[in-house]
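Read the structure below first, then the notes.
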Amino acid sequence: MKNHDECDVLIIGAGATGALAAAVLAKAGLDVVCLEQGGWVEPNDHPHYRSDWTWQRRTNWSPDVNKRQRPDDYPVETNSSQVLMWNGVGGSTNVYGAIWPRYRPSDFRKGDEHGLQPNWPISYEELAPFYEQADRLIGTSGLAGDPAMPPRDPCPTGPLPFTKAAERLAMTFDHLGWHWWPAEAAVISENYDGRPGCNGCGICNGCPRGSMSKFSLSVWPKALTAGATLRPYARAVRIEKGRDGRATGAVTIDRNTGETTFQAARIVVVAANGVGTPRLLLASDNLANSSDQVGRNLLHHTLVALEMWVDEPIESHMGYVDSLISRQFAETDVSRGFVNGFRSIA
Amino acid sequence: MASELETTPDVGDIGITPAASCALLADLIDVLLPGDESWPPARVVGVQAFVAVRLLEERGKEAFPRLMTALLHAGGPFDGLDEPARIGVVERFEREEPEMFGWLRDAAYIAYYENPFVGEVINAKGHRYELRPHAKGYPLPRFDPACHKPRHGRGRYTPTEQVRPVDTSKLDLENNRTRRWGLER
C-alpha cells in the first residue's frame, strides 16, 4: 500500500465544513490534505440551464440521497426522514437552499433552560466573531438590526429583493402582530468576491452561477490558493489510530484507479455529513466512541413545509426562495406543549 | 423475448396493446389537464410522452402493466365515456392507488408547465415566466430600505445570561410524540 507523506491536518469530506476548515487552516500555514469521495460538480453539470430543471431537482438532483442514483452516492436505510447529502466537492452546498440564520443565545444553553439536552461548551457570544468571519468568507446577504437576534455586523451584501410572496406574508404577519425580518442567506445580492449577484431566477437548489455560495466556487478556490491539497474520488474507508488511541491517518481507495493508499496526518478532521461521519468512525474500530453515542440520536435538520394559497398573483417563481424569516416562535414557550422553538421562512 | 427486456415495458401480458396502453395514459392526462379556450390540453402538447419516459426512468418497466391494470380496474378504458364518467374513473384510480396517482399527477403537472406552448400562454396572460430562467434571471427591484425595512419593532431574544429554567413538569414528554411525522413515518 502506498503511503503519502504525513500532513499536518487530514480533512475527510470536502463539503461546507471541510472546505472552511481547509481554507482557514491552509491560510494559517498548515499542510492540509482533504479527501473527497465524489468529484467536482461543474456549473454546466447542474440542471439549471435545462427546461426540465423542475423535474431534475426532484429526481437526479434531489438533495435526498435516496431519491438519486448517482455513482458518488451510497443509499441510506431510514424510515424516519429524508437524508440530505451530496457526495462531491462542496458537498450539500451543490443542492442546498442557502438559508443562513444563526443559532440564538438560548440555543447554546438548553441544558440550563430545560435539561433535555446539554449546554454547548461555548456561548453565542464566543461564537459570534466567527459567524462574522464565516459570513465574509462565504458571502452572505441580509439586514442587521433584527430585534429578535443579538446585534451583528452588516452582512457583506444587502438583503435580496423582497419578493411579492414575502411582501404578502409580511403584511399578514403584521396583521397578526408577529415578528418578521428579511432573511439572511448565503446568497449574494450584488457582485462580491468575484462572483455575480443573484439574478432572481428562482431555482434555489444549488446555483451554478455561484451567486448562492456553492462552496466549490466560493470557498474551495481560497483553500487551494492557500495551499491545501484536495483529492477528489478518494474514498476514506478507515481511520487508523496509534497505540495512544489517537488518529494517525486514513486508508483511502481511489475510486478511479482502485488503488489503496494511506494518508498519514498529525490531526484528522472528519467532516463527512451527519450520516457519513459516524459511519466512518464506527468503521474505524469504533473510533472516538467511548461514550457509545456515535451513530445514535441523529437529529436531522427538521423542516416542515406548508403551501399557502392567496387571492392574488405573487410570482413566487421569481427571486430567492426564502426572503423572509419570522422568529416569533423561536424561544421556548411551554404553553405550546413542547420545549424549544421554530423559525418560519418564506 | 419481450419480457426479457430490461428497459422497455411489456404490457402484452395483461392483454392490452401498446397503442391502447398509450391511449389510456393519454386519456388519464386529458382528465387531469383538459385545457380550455386559452390553455392547450395536456395531451395535445404531448405530456403523456414525457410522463411515460419518466415513469420508465424512475419506476422501471414494471410500472407500466401495474398502471394499466389499475386504470382498467378503475373503469378504463375511457373510450365512449362522458366527462363525468371519465372523471369517475380517475377518482377511483386515485382512491385505489393513491401513491401512484400522486406520482402521475405531479409528473403531469411538471411536464405541462415545462412545455413551450404553455409557457407562451402564461406570458400572454401577463405573467413573466421563463422556461429556463437561470440563463438571465428575472428583473426584480432591489431591496429598498425605505419600503422594505421592517419598522414594527417586534421580536425578542433571551440573552445568554438571562436563560432561566422553564417548568416542564406539565409536559408529557415521555408519551407525547409526533406520531405521523415521527414514529409512524
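The values are calculated or read from the model by the stated rules, or taken from the named source; none is laboratory data. If you're wondering where the values come from, they're calculated on a predicted model, not measured in any experiment. Virtual Cβ from ideal backbone geometry, glycine too; neighbours counted across all protein chains shown.
Taking the stated definitions as given, is A:Tyr96 assigned to a loop (DSSP other than H, G, I, E, B) and in contact (Cβ under 8 Å) with a residue 60 or more places away in the chain?
Numbers: assigned to a loop (DSSP other than H, G, I, E, B): yes; in contact (Cβ under 8 Å) with a residue 60 or more places away in the chain: yes.
Judged against the criteria, A:Tyr96 is a match.
Since A:His114 meets every condition but one in (1) in contact with a helix residue (DSSP H, G or I) (Cβ under 7 Å, 6 or more places away or on another chain); (2) within 11 Å of chain B (Cβ to nearest Cβ); (3) not hydrophobic (A, V, I, L, M, F, W, C), which condition does it not meet?
It fails just one condition, (1).
Give the residue that is farthest from the other protein chains (Cβ to nearest Cβ), with candidates limited to residues of region B:42-51 that are in a helix (DSSP H, G or I) and crowded, with 21+ Cβ neighbours inside 10 Å.
The first filter runs over region B:42-51 and keeps only residues in a helix (DSSP H, G or I), leaving B:47-51.
The next check asks that each one be crowded, with 21+ Cβ neighbours inside 10 Å; those that pass are B:47-48, B:50-51.
Numbers: B:Val47: 12, B:Gln48: 15, B:Phe50: 8, B:Val51: 10 Å.
Ranking the candidates gives B:Gln48 first.
Condition check ((1) closer than 18 Å to B:His134 by Cβ; (2) buried (at least 21 other Cβ atoms within 10 Å of the Cβ); (3) within 14 Å of chain B (Cβ to nearest Cβ)) across all residues:
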| position | (1), (2), (3) |
| --- | --- |
| A:Ser51 | yes, no, yes |
| A:Pro63 | yes, no, no |
| A:Pro71 | no, no, no |
| A:Tyr74 | no, no, no |
| A:Gln82 | no, no, yes |
| A:Ile99 | no, no, no |
| A:Arg102 | no, no, yes |
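Where residues in region B:120-143 are among the small types (Gly, Ala, Ser) and in a loop (DSSP other than H, G, I, E, B), which of them is farthest from A:Val321 (Cα to Cα)? Walk me through it before giving the result.
Our first condition is that a residue be among the small types (Gly, Ala, Ser); within region B:120-143, this holds for B:124, B:126, B:135, B:137.
From what's left, in a loop (DSSP other than H, G, I, E, B): B:126, B:135, B:137.
Numbers: B:Gly126: 22, B:Ala135: 17, B:Gly137: 13 Å.
Only one residue fits best here, namely B:Gly126.
Can you tell me which residue within region A:55-91, out of those that are of a type in the set (A, V, I, L, M) and assigned to a loop (DSSP other than H, G, I, E, B), is farthest from the chain's Cα centre (by Cα)? So that I can check it myself, show each step before the final result.
Looking only at region A:55-91, we keep the residues that are of a type in the set (A, V, I, L, M), and these are A:65, A:76, A:83-85, A:89.
Add one more test, that the residue is assigned to a loop (DSSP other than H, G, I, E, B), and what stays is A:76, A:83, A:85, A:89.
Details: A:Val76: 19, A:Val83: 13, A:Met85: 9, A:Val89: 12 Å.
Once the filter is applied, the top-ranked residue is A:Val76.
Table: residues versus (1) more than 11 Å from chain A (Cβ to nearest Cβ); (2) within 30 Å of A:Glu77 (Cβ to Cβ); (3) buried (at least 17 other Cβ atoms within 10 Å of the Cβ).
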site: B:Asp82; (1), (2), (3): yes, no, no
site: B:Pro116; (1), (2), (3): no, no, no
site: B:Gly126; (1), (2), (3): no, no, no
site: B:Phe143; (1), (2), (3): no, no, yes
site: B:His148; (1), (2), (3): no, no, yes
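Yes or no, residue by residue, for (1) touching a Cys at 6+ places or on another chain (Cβ under 6 Å); (2) surrounded by 20 or more Cβ atoms within 10 Å (Cβ to Cβ); (3) away from every other protein chain (no Cβ under 14 Å):
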{"site": "A:Ile12", "(1), (2), (3)": "no, yes, yes"}
{"site": "A:Ala16", "(1), (2), (3)": "no, yes, yes"}
{"site": "A:Ala23", "(1), (2), (3)": "no, yes, yes"}
{"site": "A:Asp31", "(1), (2), (3)": "yes, no, yes"}
{"site": "A:Cys34", "(1), (2), (3)": "no, yes, yes"}
{"site": "A:Gly39", "(1), (2), (3)": "no, no, yes"}
{"site": "A:Glu42", "(1), (2), (3)": "no, no, yes"}
{"site": "A:Pro47", "(1), (2), (3)": "no, yes, no"}
{"site": "A:Arg58", "(1), (2), (3)": "no, no, no"}
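Could you pull out the residue among B:Arg154, B:Arg132 that is at the interface with another protein chain (Cβ under 9 Å from one of its Cβ atoms) and farther than 27 Å from A:Tyr103 by Cβ?
Details: B:Arg154 fails: farther than 27 Å from A:Tyr103 by Cβ.
Answer to the check: B:Arg132.
Somewhere in region B:107-114, is a residue within 10 Å of another protein chain (Cβ to nearest Cβ), free of Cβ contacts under 8 Å to residues at least 12 places away in the same chain, of a type in the set (Val, Ile, Thr) and in contact with a Gly (Cβ under 9 Å, 6 or more places away or on another chain)? Let's see the steps before the verdict.
Applying the first criterion (within 10 Å of another protein chain (Cβ to nearest Cβ)) to region B:107-114 yields B:107, B:109-111, B:113-114.
In the following step, the residues that additionally are free of Cβ contacts under 8 Å to residues at least 12 places away in the same chain were identified as B:110, B:113.
Still in the running and of a type in the set (Val, Ile, Thr): B:110.
Cutting the leftovers down to in contact with a Gly (Cβ under 9 Å, 6 or more places away or on another chain) gives us none.
Scanning region B:107-114 turns up no residue that is within 10 Å of another protein chain (Cβ to nearest Cβ), free of Cβ contacts under 8 Å to residues at least 12 places away in the same chain, of a type in the set (Val, Ile, Thr) and in contact with a Gly (Cβ under 9 Å, 6 or more places away or on another chain).
When you go through (1) in contact with a helix residue (DSSP H, G or I) (Cβ under 9 Å, 6 or more places away or on another chain); (2) of a type outside the set (Val, Ile, Thr); (3) closer than 30 Å to A:Phe329 by Cα; (4) not in a helix (DSSP H, G or I) one by one for A:Pro101, which number turns out not to apply?
Single failed check for A:Pro101: (1).
Applying the selection to region A:245-273, what residues are in contact (Cβ under 8 Å) with a residue 40 or more places away in the chain and among the small types (Gly, Ala, Ser)? Step through it out loud before you land on a result.
Step one: list which residues in region A:245-273 are in contact (Cβ under 8 Å) with a residue 40 or more places away in the chain, which gives A:247, A:249-252, A:255, A:259-273.
Correct list: A:Ala247, A:Gly249, A:Ala250, A:Ala264, A:Ala265, A:Ala271, A:Ala272.
Go through region B:10-41 and give me each residue that's over 26 Å from B:Tyr113 (Cα atoms) and in a loop (DSSP other than H, G, I, E, B).
Within region B:10-41, B:Asp10, B:Val11, B:Gly15, B:Ile16, B:Thr17 meet the criteria.
Note down all Cβ pairs under 6 Å where the first residue falls in region B:159-185 and is at pLDDT 70 or above, the second is assigned to a loop (DSSP other than H, G, I, E, B) and of a type outside the set (Lys, Arg), and they're at least six residues apart or on different chains.
Going by the 6 Å Cβ cut-off, the qualifying pairs are B:Thr160/A:Ser123; B:Val166/A:His114; B:Val166/A:Thr332; B:Thr168/A:His114.
Just checking: which of the strands (runs of 3 or more DSSP E) contained wholly in region A:237-346 hold 1 or more residues that are within 14 Å of chain B (Cβ to nearest Cβ) and surrounded by 16 or more Cβ atoms within 10 Å (Cβ to Cβ)? Steps first, answer last, please.
Working: elements: A:247-254, A:260-270, A:324-326.
Because the criterion is at least 1 residues that are within 14 Å of chain B (Cβ to nearest Cβ) and surrounded by 16 or more Cβ atoms within 10 Å (Cβ to Cβ), the strands (runs of 3 or more DSSP E) in region A:237-346 that meet it are A:324-326.
Residue-by-condition table, conditions (1) in a helix (DSSP H, G or I); (2) under 21 Å from the mean Cα position of the chain (by Cα); (3) at the interface with another protein chain (Cβ under 8 Å from one of its Cβ atoms):
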| position | (1), (2), (3) |
| --- | --- |
| A:Glu132 | yes, yes, no |
| A:Pro150 | no, no, yes |
| A:Cys155 | no, yes, no |
| A:Leu160 | no, yes, yes |
| A:Ala166 | yes, no, no |
| A:Thr172 | yes, no, no |
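Among A:Gly177, A:Gly139, A:Gly158, A:Gly145, which is surrounded by 22 or more Cβ atoms within 10 Å (Cβ to Cβ) and either among the small types (Gly, Ala, Ser) or touching a residue at least 60 places away in the same chain (Cβ under 8 Å) (or both)?
Details: A:Gly177 fails: surrounded by 22 or more Cβ atoms within 10 Å (Cβ to Cβ); A:Gly158 fails: surrounded by 22 or more Cβ atoms within 10 Å (Cβ to Cβ); A:Gly145 fails: surrounded by 22 or more Cβ atoms within 10 Å (Cβ to Cβ).
So the residue among A:Gly177, A:Gly139, A:Gly158, A:Gly145 that is surrounded by 22 or more Cβ atoms within 10 Å (Cβ to Cβ) and either among the small types (Gly, Ala, Ser) or touching a residue at least 60 places away in the same chain (Cβ under 8 Å) (or both) is A:Gly139.
From the residues in region A:214-236 that are within 15 Å of the chain's Cα centre (by Cα) and either away from every other protein chain (no Cβ under 14 Å) or on the phi > 0 side of the Ramachandran plot (or both), which one is surrounded by the most Cβ atoms within 10 Å (Cβ to Cβ)?
Going through region A:214-236, the residues within 15 Å of the chain's Cα centre (by Cα) turn out to be A:214-220.
Those still in the list that are either away from every other protein chain (no Cβ under 14 Å) or on the phi > 0 side of the Ramachandran plot (or both) too: A:215-220.
Numbers: A:Phe215: 28, A:Ser216: 24, A:Leu217: 23, A:Ser218: 25, A:Val219: 26, A:Trp220: 24.
Step by step, filter region A:214-236, then rank; the result is A:Phe215.
Among what's in region A:188-213 and is over 13 Å from A:Thr157 (Cα atoms), within 11 Å of chain B (Cβ to nearest Cβ) and small (Gly, Ala, Ser), pick the residue that is surrounded by the most Cβ atoms within 10 Å (Cβ to Cβ).
Restricting to residues being over 13 Å from A:Thr157 (Cα atoms), within 11 Å of chain B (Cβ to nearest Cβ) and small (Gly, Ala, Ser), the top hit is A:Gly206.
Which of (1) more than 25 Å from A:Trp53 (Cβ to Cβ); (2) within 14 Å of chain A (Cβ to nearest Cβ) does B:Pro77 not meet, given it meets every other one?
So B:Pro77 meets the others, but not (2).
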